Amino acid sequence: MTKSKFVLDKLTKLLEQGLISYKDLSAEFLNILNSKRDEFVFKMKLTSKEETDILIKRLDSLEKKIEKLEKKSTKAKKS
């Protein structure tokens, strides 16, 4: 109950501050969820903050490479 209350409190604060547009609200909501996820991972002591940051950077670079390969493959199929 306290976790849902925390999320609701955050959302009400956002609305009070005038962040009504959909993009701002969705971005802020995702930031809240990401921070909660990070807190959970750190509490579980699965990885250290430095290890997590390194893994996130590696995942980002791999996702970019996959996107590039997908773009190349769709261009090759069109030709």
Applying the selection to region 32-51, what residues are part of a helix (DSSP H, G or I) and surrounded by fewer than 10 Cβ atoms within 10 Å (Cβ to Cβ)? LYS43, MET44, GLU50
Tell me, please, whether a residue that is surrounded by 10 or more Cβ atoms within 10 Å (Cβ to Cβ), in contact with a helix residue (DSSP H, G or I) (Cβ under 7 Å, 6 or more places away or on another chain), assigned to a helix (DSSP H, G or I) and modelled with pLDDT under 85 can be found in region 52-70. yes
Pair list, Cβ < 7 Å and 6+ apart or interchain, from region 1-15 residues that are within 11 Å of ILE32 (Cα to Cα) to residues that are of a type in the set (Val, Ile, Thr): VAL7/ILE32; LYS10/ILE32
The one condition in (1) at pLDDT below 85; (2) surrounded by 10 or more Cβ atoms within 10 Å (Cβ to Cβ); (3) of a type outside the set (Val, Ile, Thr); (4) in a helix (DSSP H, G or I) that LYS23 fails to fulfil: (2)
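The values are calculated or read from the model by the stated rules, or taken from the named source; none is laboratory data. Fair warning: this is a prediction, and the values are worked out from it, not measured in the lab. Neighbour counts are summed over all protein chains in view; Cβ atoms, including those assigned to glycine, are modelled from backbone coordinates with ideal geometry.
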